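Please read the structure below before turning to the comments.
The values are calculated or read from the model by the stated rules, or taken from the named source; none is laboratory data. From a predicted model like this one, the values you see are computed outputs, not experimental measurements. As a convention, Cβ positions derive from the backbone with ideal geometry for all residues, glycine included, and neighbour counts pool all protein chains shown.
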Amino acid sequence: MSISSLGGASYVSPLSAIPQSAASGAASSSGSGAAAENFLMNYSNMTPAQQMQASVMSSMGITNADLNNMSPQERNKIEQEIQEKVKQAVQNQVEKKSGLVVDIKA
């Protein structure tokens, strides 16, 4: 999956697969074990790109419900910010990995 396939005009949040009750329940302080378990099960079924997007959204304090309640213009702006942060995170991971493999026989 390329990074360019994460965004664009036909952008659909991968978090839409997570039930809102599970996502909000895992983040609440109510301590509902079932909601947390559901959230973790759904999260573990996500692709790495979807997990990264969920992490970025979480760091921004944005939920899928928040995105759904935004105006189309505001949503597009936020989705572009998310896409840029995901691209930056991918680039950072690639940069960290370069030079890790060393030929010790040389």
Discussion item. Whether any residue in segment 9-31 is over 15 Å from the mean Cα position of the chain (by Cα), part of a helix (DSSP H, G or I) and at pLDDT 80 or above is what I want to check.
Written reply: no
Item to complete: Please work out which residue is modelled with the highest pLDDT, limiting yourself to segment 57-84 and to residues that are exposed (fewer than 14 other Cβ atoms within 10 Å of the Cβ) and among the hydroxyl-bearing types (Ser, Thr, Tyr).
Response: Ser71
